[in-house]
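Structure first, then comments.
Only the coordinates and a few stated rules stand behind these numbers; no lab work does. All of these numbers come straight from a predicted model, not from anything done at the bench. A quick note on method: Cβ atoms are made from the backbone with ideal geometry, for glycine too, and the neighbour counts reach across all protein chains shown.
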Amino acid sequence: MHQDQEARMADLVEPDPPRKAVPVGDARGFRRFLKEDMTSGLLVFLIALPLCLGIASASEFPMMAGVLTAICGAMVSPWISNSELTIKGPAAGLIVITLGAIQDMSQQMGGKSEGYKAVLAIGVAAGVLQIVFGMMRLGGLGDFFPSAVVHGMMAAIGVIILSKQTHALLGVVPEGQEPLELLWQIPHSVFHANLYLAFIGLVCLCLLAAVSFSNRSIWKKIPVQMVVMVLAISIGLVLRLGDHRIDHVAGWNVPVTEKALVQVPQDIFGAITLPDFRALQIPNAWFWIAMYAVIGSLESVLSARAIEMLDPYRRRSSLNRDLLAVGVGNAATSMIGGMPMISEIVRSKANIDNGAKTRFANFWHGIFLLLSVVSLGSLIQLIPTAALAAMLVFTGLRLASPYEFVKMYRAGPDQLLVFVFTMGMVLSTDLLIGILLGVLMTTLIQLARGVPLRSLFHPSVEVETLPDGSCRIQAGRAAVFSNWSSVQRRIRELGIVQRCPVVVDLSGAKYVDPTVKDRLKELGEEFARENLSLAVLGLGSDRSITSSNPVDRPS
């Protein structure tokens, strides 16, 4: 067995045991943890406000649409979802879809305003489709996609964000639209940058990067995003960005207009816009509905699962209920002028770090957002757009980090190939086609490695009860991402429901793909939270995934 594979298997250890007093997001939890949830909600609001404005701007939505989305998600989702620590709102990962939809529908409808209303209708329809997904119990949608494809998709989204927002950071409007074309134009924008906006953007970007490499605990108490906003507003006031003029700096002409600052209506009710459902008669609209619903659901489910693993109380949420909550939230926010929402991972992680206890921290962050746009509209209009672009550039850099390439290389050459191929296909075609081609590439590699064609969707599984009372699940032929869902259901049924120690024997499988290994690690953590035992055999180093009542290899 490979040394790096042994090292990865050695990481499959038991998490910290669950605490006894587990907070629950009910009426008693609302009162008991009011202080902790309200405090976390306040701190998350400080992060969410600039990000919501920036994501909306990058998607070519009205800036207030991003804030409306977060407010609506905060008001709706806590009453439907039992995902205690996720924050619902607009996400950078959906910029690609929202931007593509609004540009396409603006052409179809004959104008930007009409295109915006058409996209709102698309959002309502996609939200209804997500509600159907939740009712059909499709919360496990994320299990079907290979890990390398998902990582490749996210890296491509990072590159797309970089390709557009770098120009906004420099204060330049690019001529192109396609990601590769926009990347090619970055040197041109560097030489034609607006010095004032470029200075603000680079200062903000450097501050974000510096804090990311800092281990100081102060940044857990003072959100760096808010520090960036205060700094950017201060520089903007010194440079008088709101004035109409042309400055001459070091031989450069620097035009200054109010477009350098965030433009939001003073009255939040003035931002409410109704959808134009006539757009649903256009065939292109249904393509974007599918993109909204499928990609948005996938990102939301993956984010909710990731946050579940970070929950200090090890609470397991229903991904079907979470998907239902996202669908209801999307339908509601699109009815009033908002943009797509998901369970957003960055703000959710901040929610955990700030000591949130229940889902009502999400509710309080929405309350603070609502109060801010009602009472601080004049202050919001002092934020330089370059600062928002810097935040999104930083997000893009993290999504497309070189570390992602290293991680895929360590997972194996096949995984790196699928990762790079998916990223390239997304950049050169579109999101949905790129993902499907990535899945196809993964399947072809598995067939080349000897996986029988009949095993791609139908695993060979035998279940037996051992003399010591444990249950052995023997998977034959192959264990791959496309056939693993049924095996995973049996493992949960025997272990979580019937409380039986489980042994998963993969020694008879010709091939076990890395996605299945990732799922086994997640199952090990889930079993540990329930104080149950899960052992895996046949990966070259047989050991118990959990140290709770370990199971020996049966004879």
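Brief remarks follow.
- FRET efficiency, 1/(1 + (r/R0)^6) with R0 56 Å, evaluated for D518 and R240 via beta carbons: 0.60
- Per residue, the convex hull spanned by the Cα atoms of the stretch 176-326 measures out at 243 cubic angstrom.
- For chymotrypsin sites (Phe, Trp or Tyr not before Pro), the sites in the stretch 194-302 that DSSP calls loop and that have at most 15 other Cβ atoms within 10 Å are F213.
- The stretch 454-476 and the stretch 499-519: distance between their alpha carbon centers, rounded to Å: 9
- Our helix-only sum for the chain, with -39,500 (n - 2.57) per DSSP H run of n ≥ 4 divided by its residues, gives a mean residue ellipticity at 222 nm of -18500 deg cm²/dmol.
- Neighbours of D26 by Cβ distance under 14 Å: Lys/Arg scored +1, Asp/Glu scored -1, total +4.
- Loop trypsin sites (Lys or Arg not before Pro), the stretch 19-106, which have at most 16 other Cβ atoms in a 10 Å radius of their Cβ (DSSP): R19, K20
- If you plug the beta carbon distance of E258 and K407 into 1/(1 + (r/R0)^6) with R0 = 45 Å, you get a FRET efficiency near 0.55.
- Relative contact order (percent, whole number), the stretch 405-451, Cα cutoff 8 Å, 6+ residue spacing: 27
- The stretch 73-130 and the stretch 222-267 have their alpha-carbon centroids 29 Å apart.
- Label-point separation in nm, K112 to D468, each point 7 Å along Cα→Cβ: 6.8
- Note on the stretch 96-167: the C-alpha convex hull projects to 6.3 nm² when averaged across all orientations.
- Those residues of the stretch 332-362 whose amide nitrogen sits under 12 Å from the label point placed on F30, 7 Å along Cα→Cβ: 359-361
- Across the stretch 308-453, the relative contact order, built from alpha-carbon pairs under 8 Å that are at least six residues apart, equals 9 percent.
- Between 0 and 90°, nearest 10: helix 283-310 axis offset from the chain longest Cα axis: 60
- Pairs of alpha carbons in the stretch 63-215 whose separation is greater than 28 Å (percent): 37
- Loop sites in the stretch 437-543: chymotrypsin sites (Phe, Trp or Tyr not before Pro), DSSP, at most 12 other Cβ within 10 Å: F457
- Between V374 and R316, the simple label model (points 7 Å from Cα in the Cβ direction) yields a spacing of 4.1 nm.
- Rotationally averaged projected area of the stretch 454-544 (alpha carbon convex hull; nm²): 5.3
- Compared with the alpha-carbon gap, the fully stretched path from I433 to S485 is longer by 16.4 nm at 0.36 nm per residue.
- Cα-based equivalent ellipsoid, the stretch 188-260: semi-axes from gyration tensor eigenvalues, Å: 29, 14, 8
- Amide H partners (placed H, <5 Å) of V461, local residues excluded: G476
- Plainly put, the chain has a radius of gyration that is 0.99 times its Kirkwood radius, both from alpha-carbon atoms, as the Rg/Rh ratio.
- The antiparallel fraction among DSSP beta bridges confined to the chain stands at about 60%.
- Tilt relative to the chain, helix 63-76 - C-alpha long axis, 0 to 90 degrees, to 10: 40
- A viscosity of 1.567 mPa s and a temperature of 4 °C, combined with the Kirkwood radius over Cα pairs in Stokes-Einstein, give a translational diffusion coefficient for the stretch 274-348 of 95 µm²/s.
- Length gained when the stretch N215-L417 is fully extended (0.36 nm per residue, less Cα-Cα span): 69.3 nm
- Around G73: net Lys/Arg minus Asp/Glu count, Cβ-Cβ under 12 Å: +1
- Normalised by the number of residues in the stretch 30-394, the average gap of Cα pairs under 8 Å and 6 or more apart makes the relative contact order 42 percent.
- For the stretch 30-394, the tally of Lys pairs with Cα-Cα distances below 20 Å comes to 14, considering only residues 8 or more apart or on different chains.
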